[in-house]
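Peer 1: Got a structure for you, questions after.
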């Protein structure tokens, strides 16, 4: 068995288990009250963390590059209440332009 | 105890579920373009890393999480150890424990079926599935299906044919992911607790990025939601919170 297969199987099994642990352990029971109150707050929290991580995160470094310009453009589009497709298009277009102009 | 509710639920569910599935699929469609491109670049990277043809394709089905798959391909491609590749990928995917818990109440059926449906939860489909502070199963599965097809299709294209597109970053496609999360975040900011939670999540992720291995800052950021729980709840009185 090659290294690639071993990595694929190990990471696959771990990921399936991580994603499925919640539903298997809870088995249809409702979440405890404390945890249930937490769930609606988890979305804004993790979404904000994902925005930050994917905008300026690069491995173990914080990097300002063309992605930030793209996300700033998306923020402007959102403030103007543009449809999602326009928001995403603005992000890609501005990031691509910034990169073409020499931003990393 | 809730037999009548459950039966009433079941009676209206098929139609409602189909509508939600379509809504989730439609919501995920714009980002699917970027997902195809990144799937292709994962396929190319994995092939260049000597992972062969089938393992990367199988990985896109079973792991179905971009960052972890890129980590494995780049560690193996640069001659790194198997254990290093596995640890990096598992750390990157630790957040799926929290996401899996938040998805759990929405799933039903046999354990095998729930385990399978839980696999449709990736960052983007989970984000798109949020409704009134809960996960909507139909939207999750609809978005997950579209993104799975896109990710798998991209991977196959990349592994077999390479990409005529070149680097997705040249087209700014990497900026589409945070832009999507930002757009979904804006819809989540009703009430002071939610805003505090978002602020703390962002700040913690930013502060810990240089400190912790990749993947862990976002896990630690979930603490922001716990802290936000202690903020006095201010019921939303504006019309925006109205249910539709």
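Peer 1: Taking residue A:75, is it assigned to a helix (DSSP H, G or I), under 17 Å from the mean Cα position of the chain (by Cα) and more than 19 Å from residue B:140 (Cβ to Cβ)?
Peer 2: yes
Peer 1: Where in the range B:191-244 are there helices (runs of 4 or more DSSP H), lying fully within it, with 3 or more residues that are under 19 Å from residue B:178 (Cα atoms) and either facing chain A (nearest Cβ under 7 Å) or at pLDDT below 95 (or both)? Before you say what the answer is, go through the steps one by one.
Peer 2: Values: elements: B:192-208, B:216-221, B:223-228.
Counting at least 3 such residues, we get B:192-208, B:216-221.
Peer 1: For the list (1) in contact (Cβ under 8 Å) with a residue 24 or more places away in the chain; (2) surrounded by 24 or more Cβ atoms within 10 Å (Cβ to Cβ); (3) in a helix (DSSP H, G or I), I need the number of the one condition that residue B:61 fails.
Peer 2: If we test residue B:61 against (1) in contact (Cβ under 8 Å) with a residue 24 or more places away in the chain; (2) surrounded by 24 or more Cβ atoms within 10 Å (Cβ to Cβ); (3) in a helix (DSSP H, G or I), just (2) comes out false.
Peer 1: Could you please tell me which pairs satisfy a Cβ distance under 9 Å, a separation of 6+ or placement on different chains, a first residue in the range B:201-212 that is surrounded by 15 or more Cβ atoms within 10 Å (Cβ to Cβ), and a second residue that is in a loop (DSSP other than H, G, I, E, B)?
Peer 2: Correct list of pairs: B:201/B:222; B:204/B:222; B:209/A:59; B:209/A:60; B:212/A:60.
Peer 1: Identify all residues within the range A:9-26 that are more than 27 Å from residue B:57 (Cα to Cα) and facing another protein chain (nearest Cβ under 7 Å); write none if there are none.
Peer 2: Of everything in the range A:9-26, just one residue is more than 27 Å from residue B:57 (Cα to Cα) and facing another protein chain (nearest Cβ under 7 Å), namely A:26.
Peer 1: Here is a further query. Would a scan of the range B:39-47 turn up a residue that is at pLDDT below 90, away from every other protein chain (no Cβ under 12 Å) and under 21 Å from the mean Cα position of the chain (by Cα)?
Peer 2: Yes, that holds for at least one residue.
Peer 1: If you go through the range B:150-161 one residue at a time, do you hit one that is within 8 Å of chain A (Cβ to nearest Cβ) and on the phi < 0 side of the Ramachandran plot?
Peer 2: For the range B:150-161, residues within 8 Å of chain A (Cβ to nearest Cβ) and on the phi < 0 side of the Ramachandran plot: absent.
Peer 1: Further question: Output the residue which, of all residues in the range B:100-130 that are without any contact (Cβ under 8 Å) to a residue 12 or more places away in the chain and more than 7 Å from every other protein chain (Cβ to nearest Cβ), is nearest to residue B:32 (Cα to Cα).
Peer 2: That would be B:116.
Peer 1: So, one more: How many of the residues in the range A:63-86 are facing chain B (nearest Cβ under 7 Å) and modelled with pLDDT under 95?
Peer 2: Matching residues across the range A:63-86 total 2.
The values are calculated or read from the model by the stated rules, or taken from the named source; none is laboratory data. Predicted model, so just to flag it, every value in this text is computed and none were measured. Note that we place each Cβ from the backbone using ideal geometry, even for glycine, and neighbour counts take in every protein chain shown.
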